[in-house]
2 protein chains.
Amino acid sequence: MATKARRTERREEPLSRERIVEAAIGILDAVGEGGLTFRVLAERLATGPGAIYWHVSGKEELLGAATEVVVTGTVLGGAGGASPQEVIRDLALRLFDAIDAHPWIGGQLARSPGQSPTLQVFERLGRQVQALGVPRPARFTAASTLLSYILGVAGQNAANAHGQESEQDRTEFLDGVSAAWANLDPDAYPFTRDVAEQLREHDDRAEFLAGIDLVLAGIAASHAG
Amino acid sequence: MATKARRTERREEPLSRERIVEAAIGILDAVGEGGLTFRVLAERLATGPGAIYWHVSGKEELLGAATEVVVTGTVLGGAGGASPQEVIRDLALRLFDAIDAHPWIGGQLARSPGQSPTLQVFERLGRQVQALGVPRPARFTAASTLLSYILGVAGQNAANAHGQESEQDRTEFLDGVSAAWANLDPDAYPFTRDVAEQLREHDDRAEFLAGIDLVLAGIAASHAG
DNA sequence: ACCTGAACACCGTTCAAGT
DNA sequence: ACCTGAACACCGTTCAAGT
């Protein structure tokens, strides 16, 4: 039966947990964790701050739910049929890119160890560790080490992401740090001074992957023979 | 010349950056990051909130200074004359214990990558990496990987430290997580379920050290031959 | 059942005024 | 130079009142 078209008025589609979380992600991506406010969020949803509390228990849950949406979307759908090492690398890189796109999840992941998003990553890592042939008692340590490394990088990236939207910003930032390191007291910071120039031309993503490979090499070495 | 004794009245010793930071550390240790407030801090120092701002630019600097005091005290004075691996293990464990005693530095370290406290740790790690015989181009990666792993564990410990003052609390917490893991959906979380029982009897500190050893093994394997 | 929005109890920070 | 403390511009959260 032909009903009048344009029935979907763009007004007042009902509030829902899903819409709230989606709007929160948008705000977080646009202005960062500090910019997500119940008032801003309410305005974006064309309602009052109180309405949000009917769907969500508070800010902590909201941040958790937002993180879960992004991480779940990232963790699912990896490359099939590759070696365990390849799957781990692929997962790690997808997480790295997700944190690059949504820096706020870096800080969030780090402080929700038992929570669902972190657990999803742990589970994926653990399965591949098992597939790698790591003996049962050593699997927990291997998976935890990979996870902690990933969370460590995530937290640092989240902290560094402050004012770096463009590639230009990023280059300037690295140049600045590199210059600062090169000027450190040679007696107190000989090593840091020595690697300062490497920092200028370094690729975060490649560096992150090299760290993953280092841990994987350690896992392989520890249960060889 | 004999002046009246009891000249040092216990009243009004002048405010100073040092006293402020010290008081902040005390509050942070007692009630955590959420409990550190300029009003609480001012009361503890028997002054008004505004007075603190003459010595310290804001809360961020205050947290940074507090972290620096604790980390510097921890980083200095390691065991001399041991192998590079031993020195790294020793440094890592001292940091672990410091974070255990002051959980707030876990979160703080993670979000101050270029800052002095993190840099001090990076420098120490790097020197030992060099002493390990790692070739120059690989040193940055090796030191960064160790640092990221340490920061990752630090962040998780900071997040977990919420309500666990006593050993009892800790055990209950692990039992709870272990039970929760054992009840996960077998299809979605086979690995996590499988390691659930290991978690109950696990030693955070030993586990942390095992992760360090895994990375060290990877470093050794990667530049062998 | 769900939404509204004023109100509450806090924050970090500023600043005129004091000594 | 250093301190005081009221005041400002915000928060997250609650809740009586509406529909």
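Exactly one residue among B:GLY48, B:GLY73 is within 16 Å of DNA strand D (Cβ to nearest atom) and away from chain A (no Cβ under 14 Å), and that residue is B:GLY48.
Region B:46-112 holds helices (runs of 4 or more DSSP H) entirely within its bounds, and those carrying 3 or more residues that are away from DNA strand C (no atom under 16 Å from the Cβ) map to B:59-75, B:84-101, B:104-110.
The residue pairs whose first member lies in region A:175-186 and is part of a loop (DSSP other than H, G, I, E, B), whose second member is at pLDDT 95 or above and hydroxyl-bearing (Ser, Thr, Tyr), and whose beta carbons are closer than 6 Å, counting only pairs six or more residues apart or on different chains, are A:LEU184/A:THR192.
For the residues B:GLY133, B:GLY126, the requirement of being part of a helix (DSSP H, G or I) and either out of contact with any Cys (no Cβ under 8 Å at 6 or more places or on another chain) or crowded, with 17+ Cβ neighbours inside 10 Å (or both) singles out B:GLY126. For region A:54-70, a residue qualifies if it is near DNA strand D (Cβ under 8 Å from one of its atoms) and either in contact (Cβ under 8 Å) with a residue 40 or more places away in the chain or in contact with a helix residue (DSSP H, G or I) (Cβ under 8 Å, 6 or more places away or on another chain) (or both), and the qualifying residues are A:LYS59, A:LEU62.
Answer yes if at least one residue in region A:162-170 is within 9 Å of another protein chain (Cβ to nearest Cβ) and either more than 19 Å from B:VAL177 (Cα to Cα) or not in a helix (DSSP H, G or I) (or both), and no otherwise. Before you say what the answer is, go through the steps one by one.
Going through region A:162-170, the residues within 9 Å of another protein chain (Cβ to nearest Cβ) turn out to be none.
Looking for residues that are within 9 Å of another protein chain (Cβ to nearest Cβ) and either more than 19 Å from B:VAL177 (Cα to Cα) or not in a helix (DSSP H, G or I) (or both), one finds none in region A:162-170, hence no.
Under the condition of being more than 22 Å from B:GLY211 (Cα to Cα) and within 14 Å of chain A (Cβ to nearest Cβ), the residues counted in region B:76-103 number 1. Among the residues of region B:109-146, those identified as at the interface with chain A (Cβ under 7 Å from one of its Cβ atoms) and without any contact (Cβ under 8 Å) to a residue 24 or more places away in the chain are B:ARG111, B:PRO113, B:GLY114, B:LEU119, B:GLU123, B:GLY126, B:ARG127, B:GLN130, B:ARG139, B:PHE140, B:THR141, B:SER144.
The values are calculated or read from the model by the stated rules, or taken from the named source; none is laboratory data. Keep in mind it's a predicted model, so treat the numbers as computed, not measured. Neighbour counts run over all protein chains shown; Cβ positions are idealised from the backbone, glycine included.
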